[in-house]
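Trainee: I have a structure here, written as structure tokens, and I will follow up with some questions on it.
The values are calculated or read from the model by the stated rules, or taken from the named source; none is laboratory data. Here the structure is a predicted model, which means the values were calculated and not measured. Virtual Cβ from ideal backbone geometry, glycine too; neighbours counted across all protein chains shown. Quick note on the areas: whole protein, heavy atoms, side chains included, nothing else; ligands and nucleic acids left out. Shrake-Rupley method; radii C 1.70, N 1.55, O 1.52, S 1.80 Å.
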Amino acid sequence: MKARLIRFLFALHRWSGVVLGLLMLLWCLSGFVMIWSPYPSTTLGTHDYRAEGLAPIRLPADIKLPDIPAQARLSSLRMEMLADRPVISLAWNGESRGDNGRGLFDLSTGETVTKISKDEALNVARTYAQRIGISGQPAIKMLADKPDEFTVGMRGGSLWQAKLNDAEDTTLYISEANGQVRQRTTASLRFWTWLGAIPHWLYFTELRKDGKLWGQVIIWTSLAGAFLTVLGLFVGLRQLRRRHSTGKLASPYRGSKFWHHMIGLVFGILVLTWVFSGFTSMQPWGWLESGPEAGKAVDRLTGEPPTWDQAKPTIEMQAAALRGSSAEVTQVSLSQLTTGSGFMWRFADGTRKRVGAAGEPAFFDGAAQKRAASLLAGDGAAYRMDLMTAGDAYYYPGAAASDFPVLRITVPSQNDTRFYLDPDSGDVRFVADPGARDFRWWHLLPHRLDVMGSPLREIVEMLLLAGVTAVCGLGAWIGIKKLARGGKLDNLPTE
């Protein structure tokens, strides 16, 4: 019985390796590309390409505000230019679920902007090109009713595709609903994404457009890959035997099987680490997700949003301040804190400033910082507060949120949850609660090896990934050759 079970495990490893080995080889080869070329985005590194492509706000002498429910509470507010016309984007929560809403409104007329025409999208692209410094003449390529591999994970309706006809062959994806630049690609990014992120994440449109199906495919193929690797380690260790002639451990295989055996023993644990950490990236079945406590703490900090009736006078005051400002302000957004409402002004050079209702400076100073920390801790609980200019274990260069400086508030009573706040606005950039911290150790660290700085990390990753690729590639090659020869298995254990 034991011999049959072992023979079955050997056969299972070899035949599952034919299919899974090819998939894991694809993950490895695309992983090389992803070290250097991430998935395209409107934000890459320190660049926010969308914000950089906005024209300075120019308001009419008398703005017209939209007619929304007076007691609706604003969850977001943003003023900017839609090409050459000023608009305000609002989202609100009403007294009942049916009163919730969002919309884009023209500040010159107060009317709802329901759909961005082809000409308007072209104007958005022209403004973007001018602000970024692109000399090409933009042209609308098409209206994409169906997503492609660069937009398939996005929501919000159809997208205009605008080609900027520049040296980099930049293409913008502009929302038909609100005129926002939702995606930006270049010829180089598109080429490397097809070799990197798309195959690595299985981001093929027909699969990814069904989010639940795609998630299940990633989860179960990753688990299957981990199982295959565990079987391989078992087989490799069992087949490592002592020679009678020398007394040394040796492999019974020759040729490609020998190298798969030996390299697999060296890099097998790393294969398992990478494939399992890929599985954890999906936070399967709620594992590694953040809990509700951190969200409640952030709600205490932000406080109750203003009603539309309360917000309208301050918007009028903001408009007056903008008209009187000599600076090029490209975006105004609501910064709501229990310590005091304010607005964040973003300037054409990328800098930002927190202002009050009339445009006066409203610094998130020492007193406001202490009040924010007290609110996050709650019930008079103790906290630690410090201004970080370099990264820590959870907030560091290369992470999702990594701008510096950042105000870190640690609350011991909430399992040492760390809140990272923008020192200018007081807005929460990132929260490292137990779920986020576990995600760091179970996924980010083993999958990205991001405890090392660049370029050391990239060099180490390349060297280790070369060994892992050899394991997966040789395993797939052996399985395919065996299949081509009729599938007869050899070197199976006899006991």
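Trainee: Pairs needed: first member in the range 135-150, within 28 Å of Arg208 (Cβ to Cβ); second member anywhere, of a type in the set (Asp, Glu) and not in a strand (DSSP E or B); C-beta distance under 8 Å; at least 6 residues apart or different chains.
Mentor: Close Cβ pairs (under 8 Å, with a partner that is of a type in the set (Asp, Glu) and not in a strand (DSSP E or B)) amount to Leu143/Glu176.
Trainee: Ok, one more. Please enumerate the residues belonging to the range 108-123 that are open to solvent by less than 50 Å² (accessible area, probe 1.4 Å) and in contact (Cβ under 8 Å) with a residue 60 or more places away in the chain.
Mentor: The answer is Val113, Ile116.
Trainee: Same structure again: State which residue is most open to solvent (accessible area, probe 1.4 Å) when the search covers only the range 1-53 and only residues that are part of a strand (DSSP E or B) and of a type outside the set (Ser, Thr, Tyr).
Mentor: Going through the range 1-53, the residues part of a strand (DSSP E or B) turn out to be 43-44, 47-48.
Retained after the next criterion (residues that are of a type outside the set (Ser, Thr, Tyr)): 44, 47-48.
Numbers: Leu44: 41, His47: 79, Asp48: 49 Å².
By that ranking, first place goes to His47.
Trainee: Of Ser89, Ser108, which residue is under 20 Å from Gln318 (Cβ atoms) and assigned to a loop (DSSP other than H, G, I, E, B)? I'd like the intermediate steps shown before the answer.
Mentor: Values: Ser89 fails: assigned to a loop (DSSP other than H, G, I, E, B).
Being under 20 Å from Gln318 (Cβ atoms) and assigned to a loop (DSSP other than H, G, I, E, B) holds for just one of Ser89, Ser108, which is Ser108.
Trainee: Which fully enclosed helices (runs of 4 or more DSSP H) of the range 386-495 have 2 or more residues being surrounded by 19 or more Cβ atoms within 10 Å (Cβ to Cβ)? Full working, then the answer.
Mentor: Values: elements: 434-439, 445-448, 456-484.
By residue number, 434-439, 456-484.
Trainee: Okay, moving on. Does Leu90 qualify as being open to solvent by less than 10 Å² (accessible area, probe 1.4 Å), at pLDDT 95 or above, in contact with a Phe, Trp or Tyr (Cβ under 8 Å, 6 or more places away or on another chain) and under 13 Å from Ser333 (Cβ atoms)? Can you show your working first?
Mentor: Values: open to solvent by less than 10 Å² (accessible area, probe 1.4 Å): yes; at pLDDT 95 or above: yes; in contact with a Phe, Trp or Tyr (Cβ under 8 Å, 6 or more places away or on another chain): yes; under 13 Å from Ser333 (Cβ atoms): yes.
Considered against the rule, which asks whether it is open to solvent by less than 10 Å² (accessible area, probe 1.4 Å), at pLDDT 95 or above, in contact with a Phe, Trp or Tyr (Cβ under 8 Å, 6 or more places away or on another chain) and under 13 Å from Ser333 (Cβ atoms), Leu90 comes out as yes.
Trainee: Among Arg437, Arg418, Arg429, Arg408, which is at pLDDT 95 or above and within 26 Å of Trp345 (Cβ to Cβ)?
Mentor: On the way: Arg437 fails: within 26 Å of Trp345 (Cβ to Cβ); Arg418 fails: within 26 Å of Trp345 (Cβ to Cβ); Arg429 fails: at pLDDT 95 or above.
Result: Arg408 is the single residue among Arg437, Arg418, Arg429, Arg408 that is at pLDDT 95 or above and within 26 Å of Trp345 (Cβ to Cβ).
Trainee: In addition: Kindly evaluate Ser37 against the criterion of being polar (S, T, N, Q) and at pLDDT below 95. Break it down into steps so the answer makes sense when it comes.
Mentor: Working: polar (S, T, N, Q): yes; at pLDDT below 95: yes.
Here the answer is yes, as Ser37 does meet what is asked.
Trainee: Another question, then. Restricting attention to the range 320-338, which residues are surrounded by fewer than 20 Cβ atoms within 10 Å (Cβ to Cβ), among the hydroxyl-bearing types (Ser, Thr, Tyr) and either in contact (Cβ under 8 Å) with a residue 12 or more places away in the chain or assigned to a helix (DSSP H, G or I) (or both)? Break it down into steps so the answer makes sense when it comes.
Mentor: Of all residues in the range 320-338, those surrounded by fewer than 20 Cβ atoms within 10 Å (Cβ to Cβ) come to 320-321, 323-328, 333, 338.
Those still in the list that are among the hydroxyl-bearing types (Ser, Thr, Tyr) too: 325-326, 333, 338.
Scanning the range 320-338 gives Ser325, Ser333, Thr338.
Trainee: Identify all residues within the range 354-385 that are open to solvent by less than 70 Å² (accessible area, probe 1.4 Å), under 20 Å from Ala319 (Cα atoms) and not in a loop (DSSP other than H, G, I, E, B); write none if there are none.
Mentor: Matches in the range 354-385: Arg354, Val355.
Trainee: Still on this structure, please answer the following. Regarding Val152, is this residue over 21 Å from Leu82 (Cβ atoms), open to solvent by less than 30 Å² (accessible area, probe 1.4 Å) and of a type outside the set (Ser, Thr, Tyr)? Before the answer, list the steps.
Mentor: Details: over 21 Å from Leu82 (Cβ atoms): yes; open to solvent by less than 30 Å² (accessible area, probe 1.4 Å): yes; of a type outside the set (Ser, Thr, Tyr): yes.
When the stated conditions are applied, Val152 passes them.
Trainee: If you don't mind, there's one more thing I want to ask. Residue check: is Ala162 crowded, with 16+ Cβ neighbours inside 10 Å and under 17 Å from the mean Cα position of the chain (by Cα)? Lay out the reasoning, then the answer.
Mentor: Numbers: crowded, with 16+ Cβ neighbours inside 10 Å: yes; under 17 Å from the mean Cα position of the chain (by Cα): no.
Spelling it out, it is not the case that Ala162 is crowded, with 16+ Cβ neighbours inside 10 Å and under 17 Å from the mean Cα position of the chain (by Cα).
Trainee: Oh, and also: Restricting to the range 298-313, name every residue that is open to solvent by less than 60 Å² (accessible area, probe 1.4 Å) and either under 21 Å from Leu421 (Cβ atoms) or within 19 Å of the chain's Cα centre (by Cα) (or both). Steps first, answer last, please.
Mentor: Here is the first cut: in the range 298-313, the ones open to solvent by less than 60 Å² (accessible area, probe 1.4 Å) are 298, 301-303, 305-308, 311.
Correct list: Val298, Leu301, Thr302, Gly303, Pro305, Pro306.
Trainee: In the range 298-312, how many are assigned to a helix (DSSP H, G or I) and either under 15 Å from Pro66 (Cβ atoms) or charged (D, E, K, R) (or both)? Explain how you work it out, then say what you get.
Mentor: The first filter runs over the range 298-312 and keeps only residues assigned to a helix (DSSP H, G or I), leaving 298-302, 308-312.
Within this subset, residues satisfying the condition of being either under 15 Å from Pro66 (Cβ atoms) or charged (D, E, K, R) (or both) are 299-300, 308-309, 311-312.
Final tally of qualifying residues: 6.
Trainee: Pairs under 7 Å by beta carbon, first residue touching a residue at least 40 places away in the same chain (Cβ under 8 Å) in the range 273-284, partner hydroxyl-bearing (Ser, Thr, Tyr) and part of a helix (DSSP H, G or I), six or more apart or different chains?
Mentor: Close Cβ pairs satisfying both conditions: Val275/Ser222; Val275/Thr229; Gly278/Ser222; Phe279/Ser222.
Trainee: Evaluate the following for Gly295: is it part of a helix (DSSP H, G or I) and open to solvent by 30 Å² or more (accessible area, probe 1.4 Å)? If you could, list the steps in order and put the result at the bottom.
Mentor: Working: part of a helix (DSSP H, G or I): yes; open to solvent by 30 Å² or more (accessible area, probe 1.4 Å): yes.
Against the criterion (part of a helix (DSSP H, G or I) and open to solvent by 30 Å² or more (accessible area, probe 1.4 Å)), Gly295 qualifies.
Trainee: Restricting to the range 341-350, what's the tally of residues that are under 15 Å from Met317 (Cβ atoms) and either open to solvent by 30 Å² or more (accessible area, probe 1.4 Å) or at pLDDT below 90 (or both)?
Mentor: 2
Trainee: Just a yes or no: is a residue in the range 76-86 open to solvent by less than 70 Å² (accessible area, probe 1.4 Å), in contact with a helix residue (DSSP H, G or I) (Cβ under 9 Å, 6 or more places away or on another chain), in a loop (DSSP other than H, G, I, E, B) and in contact (Cβ under 8 Å) with a residue 12 or more places away in the chain?
Mentor: Yes: one or more hits.
Trainee: Looking at the range 455-473 only, could you name the residues that are without any contact (Cβ under 8 Å) to a residue 12 or more places away in the chain and farther than 30 Å from Val18 by Cβ?
Mentor: First pass over the range 455-473, keeping only residues without any contact (Cβ under 8 Å) to a residue 12 or more places away in the chain: 455-457, 459-460, 463, 466.
Listed by number, the residues that qualify are Pro455, Leu456, Arg457, Ile459, Val460.
Trainee: How many residues are part of a helix (DSSP H, G or I) and touching a residue at least 60 places away in the same chain (Cβ under 8 Å) when one looks only at the range 209-226?
Mentor: Just the residues of the range 209-226 that are part of a helix (DSSP H, G or I), to begin with: 211-226.
So of that shortlist, the ones also touching a residue at least 60 places away in the same chain (Cβ under 8 Å) come out as 215, 218-219, 221-222, 224-225.
Matching residues across the range 209-226 total 7.
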